[in-house]
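Everything below concerns the one structure shown next.
No lab work stands behind these numbers, since they all come straight from the coordinates. Every value quoted in this text rests on a predicted model; they were computed, and no experiment measured them. Neighbour counts are summed over all protein chains in view; Cβ atoms, including those assigned to glycine, are modelled from backbone coordinates with ideal geometry.
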Amino acid sequence: MSTGDPAFGFERVRGWWPAAFMVVLASLPTPVASAAIGVAMAEPSGFTALLRDGIQSYAKSLPDLSVRFAYAPQGEGEKQVEQVRQFISAKVDALVVLPADTTTNATITRLAQDADIPLVYANNGPREDWFAGRVAFVLSNDLVAGRLQMRKLAQMLDRKGRVAIIQGPPSHTASALRTQGVREVAAAFPGISIVAEGAEDWDRKKAAALVAGWLANGTAPDAIVANNDEMAIGAADAVDAAGIPTDRILIGGVDATPDGLRAMQHKRMAVTVYQDAGLQARKAVDDALKLVRHEPVQQYDWVPFELVTDRMSTTHFSK
């Protein structure tokens, strides 16, 4: 059962799973006598809500583990730093952080190192060669996501057309890398041009407003490439509202969320890229527990992306 902690604004979940540049993986984890993990994350929505749910669900299967959650609005890094300080004061055994603002990652890393508390960044975090202390990263290679997405759309466009890009928050590493991957692939096709761009904070309604503005101003892309499914669905909503047939503008997303897969099934999106929230959640918890026991882990524990197209069954990805 979940319980609230008014002192910190936490949710508690009681509940165990087994598990690129450092050491080989250790053997399957051995039970921890009792451990508490503090999870500091941006307010969950879309994929990050799936990741939070995955951590909660996995934690419930680990009988001697308690997980506490604290949420900060996107961009409010100082609030997240204070939440991390509170977790450290509460003497949690490990920290899992989904950054609300990458500009405060260095402060969070230093706090964990100074307190000698294991720290696992999940889904987003610093991208450096090595960190001292018990620090690990559970990430997907977002550059690959952008490349997969744009390569498939380029194929569907017969290597020519006008493309618009909807980015996530400028400060978010995943947004920057996915966009970089899209641009790299687009640049390889002389017939493809990028005609519009905008950053809409992973948000469906903001993306819909952006695309509605493009369409009203006469910008008529042949494809819209969004950094996540929520913004891709927002783009599809705007296209629908403008009365444009669903096959006129190809729309691509990333994450293969349940809503994204439904949009695929209804032909509102042409492509998405599956990011395994459950696997990221399990790896984050497993790595944190291994670091608590001073066991070796891969400092960069990569989770692969997988392309999803309209020619594929979405049943596998919805499980």
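Summary of the geometry: the range 184-227 and the range 251-275, compared by the centres of their Cα atoms, lie 16 Å apart. Among the chymotrypsin sites (Phe, Trp or Tyr not before Pro) in the range 48-155, those placed in a DSSP loop whose Cβ has at most 16 other Cβ atoms within 10 Å are W130.
Using just the Cα positions, wrap the chain in a convex hull and report its mean projected area in square nanometres, one decimal place. Walk me through the intermediate numbers first.
On the way: hull surface 64.8 nm².
Computed as one quarter of the Cα hull surface, the answer is 16.2 nm².
Along the range 237-249 the Karplus relation, 6.51 cos²θ - 1.76 cosθ + 1.60 evaluated at θ = phi - 60°, assigns HN-Hα couplings of 4, 5, 5, 4, 4, 7, x, 8, x, 4, 8, 6, 10 Hz to successive residues, with x for each Gly and Pro. Beyond 24 Å in Cα-Cα separation lie the following of the pairs K206/K283; K205/K267; K60/K91; K160/K267; K60/K206: K206/K283; K60/K206.
Can you say what percent of the DSSP beta bridges in the chain, counting only those with both residues inside, are antiparallel? Round to 5. Spell out each step's value before the answer.
Working: 12 of 52 bridges.
Percentage antiparallel, nearest 5: 25.
Placing pseudo-labels 7 Å out from each Cα toward the beta carbon at E78 and Q113 gives an inter-label distance of 2.4 nm.
First obtain the Kirkwood hydrodynamic radius of the range 142-275 from its Cα pairs, then insert it into the Stokes-Einstein equation at 4 °C and 1.567 mPa s, and state the resulting D in µm² per second as a whole number.
Details: Rh = 14.0 Å.
The estimated diffusion coefficient comes to 93 µm²/s.
3J(HN,Hα) along the range 281-295, derived from phi through the Karplus expression 6.51 cos²θ - 1.76 cosθ + 1.60 where θ = phi - 60°, amounts to 4, 5, 5, 4, 5, 4, 5, 4, 5, 5, 5, 4, 8, 6, 8 Hz, with x in place of Gly and Pro.
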